[in-house]
Amino acid sequence: MHKGTAIYPGSFDPPTNGHLDLIERGAKIFEELVVAILRNSEKSPMFSVGERREMLRELTANLKNVRIDTFDGLMVEYAKSLEATCILRGIRAISDYEYELQMALMNRKLEPTLETVFMMPADKYSYVSSRLVREVAQAGGPVKGLVPEVVEQKLREKLDPAYKLRDARMSELLEGRELARKEKKRKNKA
């Protein structure tokens, strides 16, 4: 285990199974892991910072060396305020690497003592992103297996109208199929 504090920064809107995978694995590597939720006033998040903080606290309650915090502004300044020595970042694809490499190099320029550790998520989460989860959920689609159960429930609560619309459309579709089947059966008898 590496002595010192590492920061895993992100928006976590919503927290996904990929995030949780990295948090659990990062907690095994670092003495303390701070999951830091970025407060970005320029974005319109689905969940408030408070809601995201609560979900992450619940999801990490069993990890004694993980704490949840929030920050705004430069991440390197936040890291200095915690005396953190490392930033943990997840990489799912080459496109992530290109962006994350630029960020890591800029962070190193701003604070040479701050290291960045890149981790790949488990294969089964390599395509999962908060953005994709939001899009699927907003369309009333299933997110089971993409997010922890508590997050799935929060998405359902937040997007109840989308799920009700999906259920109504599915019901209409099934009723239409049943009527078509009965009509076909009636014609075949005649």
Q) Label residue 74 and residue 95 with points 7 Å out from Cα along Cα→Cβ: what is the distance between them in nm? A) 2.9 nm
(Q) For a protection proxy built on the mean count of beta-carbon atoms within 10 angstrom, sort 68-79, 172-183, 145-156 highest first, please. (A) 145-156, 68-79, 172-183
**Q.** Shape parameters for the range 1-59, alpha-carbon atoms, Rg then Dmax in Å
**A.** 12.1, 37
Q | Residues with amide H under 5 Å from that of residue 8, placed H, sequence gap 5 or more | A | 34, 35, 36, 88
**Q.** Spin-label pair residue 64/residue 105, simplified geometry with 7 Å Cα→Cβ offset, distance in nm
**A.** 4.2 nm
Q | Kirkwood hydrodynamic radius (C-alpha pairs) into Stokes-Einstein, the range 42-99, 37 °C and 0.692 mPa s, D in µm²/s | A | 235 µm²/s
Q) Between 114, 56, 105, which gets the highest mean-square fluctuation from a Gaussian network model of the chain, Cα cutoff 10 Å? A) 105
Q: Please identify which residues in the range 71-98 have an amide N closer than 14 Å to a label point set 7 Å out from the Cα of residue 29, following the Cα→Cβ vector.
A: 85-92
Q: Provide the FRET efficiency to the nearest 0.05 for the residue 175-residue 127 pair, computing r from the beta carbons and using R0 = 41 Å.
A: 0.75
Q) Listed here are the pairs 3/64; 80/154; 28/109; 43/158; which of them are more than 23 Å apart at the Cα? A) 80/154; 28/109
Q: For the range 1-43, with all protein chains present and a 1.4 Å probe, just round the carbon and sulfur fraction of the accessible area to a whole percent.
A: 48 percent
Q. Sorted from largest down, what three extents in whole angstroms do the Cα atoms of the range 87-166 have along their principal axes?
A. 51, 24, 21
Q.
I'd like the FRET efficiency for residue 119 and residue 160, computed as 1/(1 + (r/R0)^6) with the beta carbon distance as r and R0 of 30 Å, rounded to 0.05.
A. 0.30
Q | Kirkwood Rh (inverse of mean 1/r, distinct Cα pairs), the range 11-119, angstrom | A | 14.6 Å
Q | Share of carbon and sulfur in the accessible heavy-atom surface of the range 72-142 [1.4 Å probe, %] | A | 57 percent
**Q.** Net charge contributed by nearby residues that have their C-beta within less than 11 Å of residue 101 (K/R +1, D/E -1)
**A.** -1
Q.
At 1.4 Å probe radius, can you tell me the per residue accessible area of the range 35-190 in Å²?
A. 67 Å²
Q. For the chain, what is the Kirkwood estimate of the hydrodynamic radius, computed as the reciprocal of the mean inverse distance between distinct Cα atoms, to one decimal in Å?
A. 18.7 Å
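The values are calculated or read from the model by the stated rules, or taken from the named source; none is laboratory data. Since this is a predicted model, take the numbers as computed values, not measurements. A quick note on method: Cβ atoms are made from the backbone with ideal geometry, for glycine too, and the neighbour counts reach across all protein chains shown. Side chains are part of the model used for accessible areas, which takes the heavy atoms of the whole protein and leaves out ligands, DNA and RNA. Shrake-Rupley method; radii C 1.70, N 1.55, O 1.52, S 1.80 Å.
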